[in-house]
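Novice: Provided herewith is a single structure, encoded as structure tokens, for subsequent inquiry.
The values are calculated or read from the model by the stated rules, or taken from the named source; none is laboratory data. In this text the structure is predicted, and so the values were computed from the model without any measurement. Using ideal geometry, Cβ is built from the backbone for each residue, glycine included, and neighbour counts are taken over all protein chains shown. Just so you know, the surface numbers come from the protein's heavy atoms only, side chains and all, with ligands and any DNA or RNA stripped out. Shrake-Rupley method; radii C 1.70, N 1.55, O 1.52, S 1.80 Å.
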Amino acid sequence: KAENIGIIGLATYIPATTVSMTKLEAHDKCQGKYTISLGQKYMSLTAPNEDVVSMALNAVKRLMKKMNLKPSDIGRIQIGTETPVDLSKSVKTFIVEQFFEQGITDIEGVDNVNACFGSTAALFDTVAWMQSDFWNGRYAIVVGTDISQGEDIYHFLTGSSAVAVLIGPNANLVVEPNRGIFSNSTFDFYKPYGYKNHYPVVDGKYSIDCYLNSLVSCYEDLKKKSKSETEFLDHQFGVFHNSSVSLTRKGFNTLIEKEISKVLPNAEPHEKRQFISKIYKERVEASTLMTANMGCMYNASVLNGIISLNESLKPEDIGKRILVYSFGSGSVGALWSLRIDGLAEKDDLNNRLNNRKEISVDSY
């Protein structure tokens, strides 16, 4: 059986066009709302000939080239999405066409369809597969791919991306066994069949409440398993699923407030503020690179958080741990850990983000 299973390599697809959030908020006459309040800089835009399949194909192609993989090296492909192009045919079946053409047909996996959490479920399922007697000895690829769209009032919370990660033994980012889980039935964000369009029905404030309530429940569940009262600060880095940078800050503030009195019991308020600011900058801020520059990405969000953080990791970070919070409306959440056993190859994110074509607000 495989040991030390986790993420060996990562690759993301970045759409070629973008719109400036500074210019968008000027157009909408809400100065500071998108940039300061939400923490956004740019938003990624898909071209008319792009969808979740084409983005996933691009991410998988980039990953396989980057990792020097052959089709015969892959034994499982699992997709996480909430914007599939067909209600029956999985995105995965489109991906394997290129494998079929080379005579590779024994590839396990299908899609995990769920709001934002499908990619995490796909990753968990894939790790469990590798730990089982069903593992065929080959690598697996997990993809999170989505296009975020909504009613006109949410035009500032769109975005799109696909992230492909290579899963295997003796990984660079090892998935640790303990995790906190929460699930409940909520209607904070949903897409009912027969609705007037394919956009989600959203209660924004309630959805944030669900996100934070799930986070607290996951945290308490994980604490019971780890028997630690400072589970968050026991990790050296944090990644939070988000729709904007501000949601990461809300998640971070929720956890740090639970632990700060345990590590600084006699500190003055200004000392606590300085400590909180320092921890966020050192441990969490790097993970928001893609969200700040791409926008809301649904199932690609948490994987883009991991790939953003990976871009900043250094040799001295080997041995440290990352606490990851995944959440999907409806709702389900997980708080889980990655151990840094090695450094995965970077994905040249800053250069690729800077080389996009910026279009006008009117064109958007």
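Novice: Among (1) touching a Leu at 6+ places or on another chain (Cβ under 9 Å); (2) free of Cβ contacts under 8 Å to residues at least 40 places away in the same chain; (3) not acidic (D, E), there is one condition P15 misses while meeting the rest; what is its number?
Specialist: (2)
Novice: Which numbered condition trips up V53, out of (1) assigned to a helix (DSSP H, G or I); (2) surrounded by fewer than 20 Cβ atoms within 10 Å (Cβ to Cβ)?
Specialist: Condition (2) is where V53 drops out.
Novice: Could you identify the single residue in L323, L289 that is open to solvent by less than 10 Å² (accessible area, probe 1.4 Å) and within 23 Å of the chain's Cα centre (by Cα)? Show your work before the answer.
Specialist: Details: L289 fails: open to solvent by less than 10 Å² (accessible area, probe 1.4 Å).
After applying the criteria, what remains is L323.
Novice: Continuing with the same structure: Anything in the range 208-236 that is outside any loop (DSSP other than H, G, I, E, B) and open to solvent by less than 20 Å² (accessible area, probe 1.4 Å)? List them, or say none.
Specialist: Filtering the range 208-236 down to residues outside any loop (DSSP other than H, G, I, E, B) leaves 208-226.
Selection gives C210, Y211, S214, L215, C218, Y219, L222.
Novice: So if I check each of A128, A115, A122, which one is over 19 Å from S72 (Cα atoms) and either at pLDDT below 95 or out of contact with any strand residue (DSSP E or B) (no Cβ under 9 Å at 6 or more places or on another chain) (or both)? Steps first, please.
Specialist: Working: A115 fails: either at pLDDT below 95 or out of contact with any strand residue (DSSP E or B) (no Cβ under 9 Å at 6 or more places or on another chain) (or both); A122 fails: either at pLDDT below 95 or out of contact with any strand residue (DSSP E or B) (no Cβ under 9 Å at 6 or more places or on another chain) (or both).
Residue meeting the stated conditions: A128.
Novice: Also, I was wondering about something else. If you check Y325, Y280, which single one turns out to be closer than 30 Å to A56 by Cβ, in contact with a Phe, Trp or Tyr (Cβ under 9 Å, 6 or more places away or on another chain) and of a type in the set (F, W, Y)?
Specialist: Just one listed residue meets the conditions, Y325.
Novice: What are the residues in the range 332-342 that are open to solvent by 10 Å² or more (accessible area, probe 1.4 Å) and either of a type in the set (S, T, N, Q) or touching an Asp or Glu at 6+ places or on another chain (Cβ under 6 Å) (or both), if any?
Specialist: R339 - this is the single residue of the range 332-342 that is open to solvent by 10 Å² or more (accessible area, probe 1.4 Å) and either of a type in the set (S, T, N, Q) or touching an Asp or Glu at 6+ places or on another chain (Cβ under 6 Å) (or both).
Novice: Pairs please, first residue from the range 184-212 and of a type in the set (D, E), second anywhere and in a strand (DSSP E or B), Cβ atoms under 9 Å, 6+ apart in sequence or on different chains.
Specialist: Short answer, once both residue conditions are applied: D188/V202; D203/F189.
Novice: If I ask for residues that are assigned to a loop (DSSP other than H, G, I, E, B) and aliphatic (A, V, I, L, M), which ones from the range 340-355 would you list?
Specialist: Answer for the range 340-355, where residues must be assigned to a loop (DSSP other than H, G, I, E, B) and aliphatic (A, V, I, L, M): L343, A344.
Novice: A follow-up question, please. Taking the conditions exactly as written (open to solvent by less than 10 Å² (accessible area, probe 1.4 Å) and in contact with a Leu (Cβ under 8 Å, 6 or more places away or on another chain)), does V361 satisfy them or not?
Specialist: Numbers: open to solvent by less than 10 Å² (accessible area, probe 1.4 Å): no; in contact with a Leu (Cβ under 8 Å, 6 or more places away or on another chain): yes.
So V361 does not fit the description; no.
Novice: Return the residues of the range 309-349 that are in contact (Cβ under 8 Å) with a residue 60 or more places away in the chain and closer than 23 Å to M21 by Cα; say none if nothing qualifies.
Specialist: Taking the range 309-349 first, the residues in contact (Cβ under 8 Å) with a residue 60 or more places away in the chain are 309-310, 317, 320-345, 347, 349.
Answer for the range 309-349, where residues must be in contact (Cβ under 8 Å) with a residue 60 or more places away in the chain and closer than 23 Å to M21 by Cα: L309, L349.
Novice: Now for a different question. Starting from the range 105-124, take each residue that is over 17 Å from I95 (Cα atoms) and touching a residue at least 12 places away in the same chain (Cβ under 8 Å) and list its partners that are β-branched (V, I, T) and in a helix (DSSP H, G or I), counting only C-beta distances under 7 angstrom and pairs at least six apart or across chains.
Specialist: Filtered contacts from the range 105-124: T120/V302.
Novice: So F252 fits all but one of (1) touching a residue at least 40 places away in the same chain (Cβ under 8 Å); (2) in contact with a Gly (Cβ under 7 Å, 6 or more places away or on another chain); what number is the exception?
Specialist: (1)
Novice: Only one of these conditions is not met by V263: (1) surrounded by 15 or more Cβ atoms within 10 Å (Cβ to Cβ); (2) among the β-branched types (V, I, T); (3) more than 30 Å from A16 (Cβ to Cβ). Which number is it?
Specialist: Result: V263 fails condition (1) only.
Novice: Moving on to the next point. Within the range 291-311, restricting attention to residues that are in a helix (DSSP H, G or I) and in contact with an Asp or Glu (Cβ under 9 Å, 6 or more places away or on another chain), which residue is farthest from I8 (Cα to Cα)? Show your work before the answer.
Specialist: Applying the first criterion (in a helix (DSSP H, G or I)) to the range 291-311 yields 291-294, 298-311.
After this cut, where a residue has to be in contact with an Asp or Glu (Cβ under 9 Å, 6 or more places away or on another chain) as well, the list is 298-301, 307, 310-311.
Values: Y298: 23, N299: 19, A300: 17, S301: 19, I307: 12, N310: 11, E311: 14 Å.
That would be Y298.
Novice: Return the total of residues in the range 157-171 being among the β-branched types (V, I, T) and farther than 23 Å from T17 by Cα. Spell out the reasoning first.
Specialist: Step one: filter the range 157-171 for residues among the β-branched types (V, I, T), giving 158, 163, 165, 167.
Those left that are additionally farther than 23 Å from T17 by Cα: 165, 167.
Qualifying residue count for the region: 2.
Novice: Under 9 Å by Cβ, and 6 or more places apart or on different chains, what pairs join a residue from the range 35-50 that is without any contact (Cβ under 8 Å) to a residue 40 or more places away in the chain with one that is outside any helix (DSSP H, G or I) and not hydrophobic (A, V, I, L, M, F, W, C)?
Specialist: T35/K41; A47/P15; A47/T17
Novice: Can you tell me which of (1) open to solvent by 20 Å² or more (accessible area, probe 1.4 Å); (2) within 27 Å of S148 (Cα to Cα) is the one E268 doesn't meet?
Specialist: E268 satisfies every listed condition except (2).
Novice: What number of residues within the range 8-40 are in contact with a Phe, Trp or Tyr (Cβ under 9 Å, 6 or more places away or on another chain), assigned to a loop (DSSP other than H, G, I, E, B) and either aliphatic (A, V, I, L, M) or surrounded by fewer than 19 Cβ atoms within 10 Å (Cβ to Cβ) (or both)?
Specialist: Residues that pass the stated criteria total 3.
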